[in-house]
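Sharing a structure, written as structure tokens. Questions coming.
The values are calculated or read from the model by the stated rules, or taken from the named source; none is laboratory data. From a predicted model like this one, the values you see are computed outputs, not experimental measurements. Don't worry about glycine lacking a Cβ; one is built from the backbone with ideal geometry, like all the others, and counts go over all protein chains shown. In case anyone asks, the SASA skips ligands and DNA or RNA and just uses the protein heavy atoms, side chains included. Shrake-Rupley method; radii C 1.70, N 1.55, O 1.52, S 1.80 Å.
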Amino acid sequence: MRTAWRPGYGRTADSLHSMVDKVVLAEPRGFCAGVEMAIKALAWMVRAFEPPVYCYHEIVHNRLVVDRFRSHGVVFVDDVSDVPAGAPLMLSAHGSAPEIVNAARAEGRYVVNAVCPLVTKVHHEARVRARKGFTVLYVGHEGHDEAVGTLAVAPDAMRLVQSEQDLGAVLDEVGDSQEVAMLAQTTLALHEWSGLLERTRERHPTLWTASRNDLCFATTNRQAALTEISRRADAVVVIGSANSSNTLALEKVATEAGCPRVLRIDGPDELDIEQLRDARVVGVTAGASAPEELVDSVIAKLAPTHGVESVSVTDEDEYFPPPRELRELMPVLDAAVAFALGGDPRAASRAGGPFSEDRASDASSVLSALGS
């Protein structure tokens, strides 16, 4: 839920020494549609199942989000063999390797796959190109959950590219092959992708890429909004965890846009006002995994004398519905409850249950409710 800011809002004793005149607030910022879907889905699992509910890898790369769910009995694991037979298990928004999905569904576990649909699209592209005999160059970050899962879709056909140096070695290996495709980790900064794409096209003019590039529209939108505020700010604060790829990309974007001071923080506790020095106008944005309550707290600590100005570059209305497994489960639960209470199970099942208002709800509010 977006807050309407006014001059002097949130000024506290800790922030009285702040000399910030104004905050310019990037719009859009924070949760993307994929993160919205995943967080709301895990919140429904917490309500529907007795604890513990398990999650393979962090649901998203944000410390507050992970800690909030831990406090409600969610256990995050890095190996599905650590999940007991029959237990409820969510697979994270970053996507999982095919063998992980298969192993998760073994032993009677109830598995909800909260993979972002945009990541699913890249998995599909990789699978199809590999089947057609292409060598697939994948631009991504080694060890990132999304990259690990995607590379496992077609390991014999795919080559990881992280830098210009990597690309040179991979292109030499590929040689004069005409069957070359290029895909990307969805959370990359545009500049991380575009230069490598251009260089590859120089060597392989028939290079195949998706008609709509793989970069997440939300990532691109947040980078565009940040570029706009960075030109107007003496300093920029990027809110998000250090293991969040899209947050680190935002940090680079602000620096390359010419902002003299860029701070990446997890939340208000890491914000050192002294590091802003004499900054009068401070830009604020948040990575796609960072909840709005962190933005509220950071602005309260900055306590701008003349309030906050939102700078919008586009409106986002993308919506991803809950994972299929939950959409199938909830009507069954509604029918069972109705039957137990003497109601009409069929009518209860058809009513849409808790997901009838899902589009109108937002994950930041859901997360805040878990914390109250």
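Roughly to the nearest percent, how much of the accessible area of the chain is carbon and sulfur, given a 1.4 Å probe?
The C+S portion of the solvent-accessible surface of the chain is 50 percent.
Using the Karplus equation 6.51 cos²θ - 1.76 cosθ + 1.60 (θ = phi - 60°), what ³J(HN,Hα) coupling, rounded to whole Hz, does each residue of segment 208-218 give in order, writing x for Gly and Pro?
These are the phi-based 3J(HN,Hα) values: 8, 9, 5, 4, 10, 4, 6, 5, 4, 4, 5 Hz.
Using the Cα centre of segment 85-159 as the reference point, and only Cβ charges (+1 on K/R, -1 on D/E), how large is the resulting charge dipole? Debye, rounded to the nearest 20.
My answer is approximately 320 debye.
What number does segment 23-63 give for Rg over Rh if you use C-alpha atoms and the Kirkwood radius?
A ratio of 1.11.
Residue 235's amide H: which non-local residues (gap 5+, or another chain) put their own amide H closer than 5 Å, with H modeled 1.01 Å from N in plane and none for Pro or chain starts?
Those qualifying (amide H under 5 Å, at least 5 residues apart or on another chain) are 281, 283.
Have a look at 207, 257, 239 and report the one farthest towards the positive end of the charge dipole of segment 182-260, computed about the Cα centre with Cβ charges (Lys/Arg +1, Asp/Glu -1).
In segment 182-260, that residue is 207.
Per residue of segment 35-50, what does 6.51 cos²θ - 1.76 cosθ + 1.60 with θ = phi - 60° give for ³J(HN,Hα)? Whole Hz please, x for Gly and Pro, Karplus curve as stated.
Rounded to whole hertz, the list is 5, 3, 4, 5, 5, 5, 5, 5, 4, 5, 5, 4, 6, 7, 10, 5.
Using the Cβ atoms and a cut-off under 12 Å, what net charge is assigned to the surroundings of residue 124, where Lys and Arg are +1 and Asp and Glu are -1?
+2
Next question. Along the positive direction of the dipole of segment 117-254 (beta-carbon charges: Lys, Arg +1; Asp, Glu -1; about the Cα centre), which of 248, 195, 219 reaches farthest?
After comparing all options, I get 219.
Given charges of +1 on the Cβ of Lys and Arg and -1 on the Cβ of Asp and Glu, with all other atoms neutral, how large is the dipole of segment 150-215 about its Cα centre, in debye to the nearest 20?
Once rounded to the nearest 20, the dipole reads 220 debye.
May I ask for the distance between the Cα centers of segment 263-324 and segment 164-183, given as a whole number of Å?
First find each Cα centre; the distance between them is then 39 Å.
Beta carbons within 10 angstrom, averaged per residue: use that to sort the peptides 44-53, 181-190, highest first.
181-190, 44-53
Which residue fluctuates the most in the chain, going by a Gaussian network model with Cα springs under 10 Å, if the choices are 179, 228, 202?
Highest fluctuation of the listed residues: 202.
Taking a spot 7 Å from the Cα of residue 314 along the direction of its beta carbon, which residues of segment 74-114 have an amide N less than 17 Å from it?
none
Could you provide, to the nearest whole Å², the per residue accessible area of the chain with probe 1.4 Å?
Averaged over the residues of the chain, the accessible area is 44 Å².
Report the full-extension gain for the segment residue 366 to residue 81: residue separation times 0.36 nm, less the Cα-Cα distance, to one decimal in nm.
99.6 nm
For residue 137, what residues show an amide H to amide H distance below 5 Å, using hydrogens built from the backbone and excluding near sequence neighbours?
Long-range HN contacts for residue 137: 159, 181, 182, 183.
Relative contact order for segment 124-246: what percent, with Cα pairs under 8 Å and sequence separation of 6 or more?
Result for segment 124-246 is 25 percent.
Moving on to the next point. Ranked highest first by average number of other Cβ atoms within 10 Å, how do 125-131, 57-63 line up?
Per-residue mean Cβ counts within 10 Å order the peptides as 57-63, 125-131.
Residue by residue through segment 313-329, what is 3J(HN,Hα) from phi via Karplus (6.51 cos²θ - 1.76 cosθ + 1.60, θ = phi - 60°)? Round to whole Hz and write x for glycine and proline.
Going residue by residue, I get 10, 6, 9, 10, 10, 5, 9, 10, x, x, x, 3, 4, 6, 4, 7, 6 Hz, with x marking Gly and Pro.
I've got another one for you. Hey, got the dipole for the chain? About the Cα centre, +1 on K and R Cβ, -1 on D and E Cβ, debye to the nearest 20?
Value, rounded to 20: 700 debye.
Going toward the positive end of the dipole of the chain, with +1 on Lys and Arg Cβ and -1 on Asp and Glu Cβ, which of 116, 180, 138 do you reach last?
Highest projection toward the positive end goes to 116.
Moving to a separate point now. For every helix of n ≥ 4 consecutive DSSP H residues, a contribution of -39,500 (n - 2.57) applies; sum these over the chain, divide by its total residues, and give [θ] at 222 nm rounded to the nearest 500 deg cm²/dmol.
That calculation yields -12000 deg cm²/dmol at 222 nm.
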